[in-house]
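Below: one structure, written as C-alpha cells.
Coordinate-derived values only; no laboratory data. Every value quoted in this text rests on a predicted model; they were computed, and no experiment measured them. Here the Cβ is made from the backbone with ideal geometry for all residues, glycine too, and neighbour counts use every protein chain on show.
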There are 2 protein chains.
Amino acid sequence: MSNTAKYDVLGIGNAIVDIIATVPNDFLFEQDIVKGSMTLIDQDRAQALYSSFPPATETSGGSAANTIAGIGSFGGKAAFIGKVADDGLGEIFAHDLRASGAAYEVAPLVDGPQTARCLIAVTPDAQRSMSTFLGASAEFCASDLDPEMIRASHITYMEGYLFDLDPAKKAFVEASEIARAAGRKTAITLSDLFCVDRHRASFLHLIRNSIDILFANEIELLSLYQTMSLDDALAQVRNDSGFAVVTLGEKGSLIMDGETLVEIPAASVERVVDTTGAGDLYASGLLYGLAAGLSLERCGELGSLAAAEVISHYGARSEISLASLL
Amino acid sequence: MSNTAKYDVLGIGNAIVDIIATVPNDFLFEQDIVKGSMTLIDQDRAQALYSSFPPATETSGGSAANTIAGIGSFGGKAAFIGKVADDGLGEIFAHDLRASGAAYEVAPLVDGPQTARCLIAVTPDAQRSMSTFLGASAEFCASDLDPEMIRASHITYMEGYLFDLDPAKKAFVEASEIARAAGRKTAITLSDLFCVDRHRASFLHLIRNSIDILFANEIELLSLYQTMSLDDALAQVRNDSGFAVVTLGEKGSLIMDGETLVEIPAASVERVVDTTGAGDLYASGLLYGLAAGLSLERCGELGSLAAAEVISHYGARSEISLASLL
C-alpha cells in the first residue's frame, strides 16, 4: 500500500449514537434480551425499551464509525460514510466523528426517521447486549457514496451490519468495485454471528469477489464457513480473501496473510468495565498499522492496545489519544 | 422531620445535559476558560465552543438534578422541578431523572430556546471547567412551581446557580414560603464562588429569612460572609440559618447544627477521574440521611461515600446503585 492517498482508511457503516446503561442480569431476562447479542428493533420497541432503561450515558457509536474515530485518534487520515438525521443525536454523531479528526460530509436526512440509536445494556460481567433502532442509518444507499473519497482512500472498510439492508448491500458492491478499479484495498468486518447467519451467501459472494481483508471474531468465521474447526475456516478464507484478521477475545488474535499466520496476544487490562467497541478498536489499530506499512506483529499489537483501552471504561470510543500508544 | 411526606427531598434547579470531554491544559488557555470555574455562555458561544470540543460523552447533569438523582439511587423518594425544551437533550434529561426513581412532571418548553447544556472540559488533573448555556432552563419561573409537591416534601432543596435569573430568584422565595407554611424544611446550595459574588446580598437575605439548611464549600462560605476565617463564617451562619454543611474537598466536610459541629472525613478513592458532581452527590447522601432521621455522622458518611463514587468516573451521576452503600 505504497500509493499516496488522501485517506488511510474510509469507513462505511451505520451512523449510530449509543445509549449505555449498567443493568442487573434480571433486566435482560425481563426485557427478553439475549446477552451479548445485537438485535434490530423498531421505533416503538426502541421507545418502550428506553422507558424501562436505567439512567444512561449517550456517546457516539456505530461499529465502523468507532473504528474510524480510533484511526483518527491514532493520528491516521480517516473518513466516514453513513447517514444521520438532522436532529440532536445526529449533531452529536457528526461532532464526535469530526472531532476525532475524521472527514464526514454525508448530508443529514431531512423529513425521515430519526438518527439511529443503540440501547446498550451492560451487565456486571462487562458483557454488552445491544438493541439497535437503525432509523436514518437504514436510508443509506449507493447515492450516498462519494466515489472520489473511495478512490482517495488506501483501504475502504465496510461494516457487515449494513448487510441487513438491501440498498446498503448494493452500495458495498459498488464501493468495492470503485476501490479496486482505483488499485485500492477493500476490507469488511462480519460484525455479528446472527448477521452472518442471515446473509451467509451474500457475504461469501462479496468476500470471494471483492474483498482483500476480512475481519471476524472466531465464532463469526466458523459460522461463515459452517465448520467447527478454526484451521478449516482459515484454509477456506485463505482461498477467498487471502488476508484475514480473527479476534479471539481474551486469547488475543490471529493475522493470516496467505501462508503467514501471526499470533497476537491480548494486551492486559486492569479491570474490564464494558467490552463494547473491543473489536472496533482492534480494527482501528490494525488498519492504521496496515496503511502505515507496519509489520503484521506491530499492526496486531496496536489493535490489542486500542482494544484494551476501550474495554477499560464505558463507551466504544477511546478516552485517550491513541497516538500516545505509538 | 417526623411528619410523613410523599417526598423526602424536592430539588429545584437547572435542567441541563452535560457534554463531557477530556482536554489538555492548553485547550483551556486557547478557549479562554478559567480552570475549575462555571461560566455562563450564550448560544453562539456554545456552538463555537462545541465545534472546538474533542469527542464527548453526553450525560444528564444540573447540580440539584444530580443531587435528586442520587437521592433516588439511595432509594429515597425524590422529585425535581426545572425546565427543559421539547428536544432530544430534553428527552435524555427527563428519562435519566425518572429512571433514577425521581418524580419529574414539568412540561417541556415549546417554541423557545433549546435544552440547557454544560460543556465540561476535564483536564488531566481531574478538574472540571464548565461553560453553561442555560437555554430553556432559564425560562423557569414561579408558575412552574407545584405548591402541592412542595408541601408534600420533607425538604425543598434549591440550587444557587438559579440566582443568576431574576424570575427563578423570585420562585425560590415563593417556594420557601410555601414549604415553611407547611411546616417543611428548606435548603439551598451556594453552587459557585462567582455566583455568590454576583448575588451576595440576595443570598444573605434569603438565608436569613427562609433557609433552614445551607450547603456550601469552604470558599463559597468565606465569600458569602466576606471573611478569611472559617470559624468566623460558621459563627455567622449559626445565626443566619442555624444549620450548615461545608464541604472541604479532600479534607472532608463539616456539619454544623447550632452549637454542634461534626467533622466528617472524606471517603478514600482509588483514582480521581473527574470531580464533576462531587458536591452534588455529597448533598444526596446528606439530604437522604437527614430525611431518614439518621445521625449527623451517618448523614455525612453517606455524603462522603456518594461523592467518592461519582469522582471515580466521568459524569456527575452515580454509576452504581447508591443503596448498595447503605
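Exceeding 19 Å between C-alpha atoms, which entries from my cross-link table qualify? They are A:77/A:251; A:83/A:170; A:6/A:185; B:83/B:169.
Values: A:77/A:251 30 Å; A:83/A:170 16 Å; A:6/A:185 14 Å; B:83/B:169 15 Å.
Flagged as over cut-off: A:77/A:251.
Rounded to the nearest 0.05, what FRET efficiency do residue B:181 and residue A:297 give with R0 = 51 Å and r taken as the Cβ-Cβ distance? Could you check? Before the final figure, lay out the partial values.
Working: r = 75 Å, r/R0 = 1.46.
The pair residue B:181/residue A:297 has a calculated efficiency of 0.10.
Short version: ³J(HN,Hα) in whole Hz for each residue of the range A:153-160, in order, from phi by Karplus 6.51 cos²θ - 1.76 cosθ + 1.60 (θ = phi - 60°), x for Gly and Pro, what are they?
10, 3, 10, 9, 10, 10, 9, x
With a 10 Å Cβ neighbour count serving as the proxy for reagent exposure, in which order, fewest first, do A:144, B:231 appear?
Working: A:144 17, B:231 9.
Final ranking by Cβ density, sparse to dense: B:231, A:144.
Hey, what's the per residue convex hull volume over the C-alpha atoms of the range A:56-133, in cubic angstrom? Each step should come with its number before you reach the end.
On the way: hull volume 7.3 nm³, N = 78.
Taking the convex hull of the Cα positions in the range A:56-133, it is 94 Å³ per residue.
Could you give me the ³J(HN,Hα) list for the range B:59-76, computed from phi with Karplus coefficients 6.51, -1.76, 1.60 and θ = phi - 60°, whole Hz, x at Gly and Pro?
With the stated coefficients, the range B:59-76 comes to 7, 4, x, x, 4, 5, 5, 4, 4, 5, 4, x, 5, x, 5, 6, x, x Hz.
Just the ratio, please: alpha-carbon radius of gyration of the range B:129-231 over 2.2 N^0.38 Å, N its number of residues. Could you put the intermediate results ahead of the total?
Working: Rg = 13.9 Å, N = 103, 2.2 N^0.38 = 12.8 Å.
Dividing the Cα Rg of the range B:129-231 by 2.2 N^0.38 Å gives 1.09.
Any idea what % of Cα-Cα pairs in the range A:122-183 are farther than 17 Å?
Values: 937 of 1891 pairs.
Roughly 50 percent, once rounded to a whole number.
Averaged over peptide A:86-92, how many Cβ atoms belonging to another chain are found within 10 Å of each residue's Cβ?
Values: counts 0, 2, 10, 5, 1, 4, 8.
Partner-chain Cβ atoms within 10 Å, mean over residues of A:86-92: 4.
Find the eigenvalues of the gyration tensor of the Cα atoms of chain B, then list the square roots of 5 times those eigenvalues as equivalent ellipsoid semi-axes, largest first, in whole angstrom.
Working: eigenvalues 146, 103, 78 Å².
Listed largest to smallest, the semi-axes of chain B are 27, 23, 20 Å.
Quick check on the range A:79-223: of the DSSP beta bridges with both residues there, what percent are antiparallel, nearest 5%?
Numbers: 6 of 17 bridges.
Counting only bridges with both partners in the range A:79-223, antiparallel ones make up about 35 percent.
List the residues, sorted by chain then number, that are 5 or more residues from residue B:109 or on another chain and whose placed amide H is less than 5 Å from its amide H.
Distant-sequence amide H within range of residue B:109: B:84, B:85, B:86.
Report, largest value first, the span of the C-alpha coordinates of the protein assembly as shown along each principal axis, in whole Å.
Between the extreme Cα coordinates on each principal axis of the protein assembly as shown lie 84, 49, 46 Å.
Assuming a viscosity of 1.567 mPa s and a temperature of 4 °C, what translational diffusion coefficient in µm² per second does Stokes-Einstein assign to the range A:1-108, Rh being the Kirkwood radius over Cα pairs? Intermediate values should be presented prior to the final figure.
Details: Rh = 15.5 Å.
In µm²/s, the coefficient rounds to 83.
Set the Förster distance to 60 Å, then compute FRET efficiency between residue A:321 and residue B:229 from the Cβ-Cβ distance, nearest 0.05. Could you put the intermediate results ahead of the total?
Details: r = 45 Å, r/R0 = 0.75.
That gives a FRET efficiency of 0.85.
Specify which residue in the list B:49, B:20, B:60 is farthest towards the positive end of the charge dipole of the range B:1-78, using unit charges on the beta carbon of Lys, Arg (+1) and Asp, Glu (-1), about the Cα centre.
B:60
Out of B:156, B:115, B:260, any idea which swings most in a Gaussian network model of chain B, alpha carbons joined below 10 Å?
Evaluated over chain B, the most mobile residue of the options is B:260.
Amide H of residue A:252: which non-local residues (sequence gap of 5 or more, or other chain) have their own amide H closer than 5 Å, using H built in the peptide plane?
A:266
Counting only DSSP beta bridges with both residues in the protein assembly as shown, tell me the antiparallel percent, nearest 5. Before the final figure, lay out each step's value.
Working: 43 of 112 bridges.
Once the DSSP bridges in the protein assembly as shown are tallied, antiparallel ones form about 40 percent.
Can you compute the modelled spin-label distance between residue B:269 and residue A:166, with each label point 7 Å from Cα toward Cβ, in nm?
Between residue B:269 and residue A:166, the label points sit 5.5 nm apart.
Around residue A:39, which amide H atoms from residues at least 5 apart in sequence, or from another chain, sit under 5 Å from its own amide H, with H modelled in the peptide plane?
Correct list: A:130, A:131, A:132.
Can you work out the PRE-style zone for residue B:30? Point 7 Å along Cα to Cβ, and I want the residues of the range A:81-99 with backbone N under 14 Å.
Residues A:99 fall inside that zone.
Given chain A, what percent of its DSSP beta bridges are antiparallel, to the nearest 5? Can you show the working numbers first?
Numbers: 20 of 54 bridges.
The antiparallel fraction comes to roughly 35 percent.
Add +1 for every Lys or Arg and -1 for every Asp or Glu among the other residues with Cβ under 15 Å from the Cβ of residue A:268, and state the total.
On the way: positive: A:251, A:271; negative: A:250, A:270, A:301, A:309.
Here the count lands on -2.
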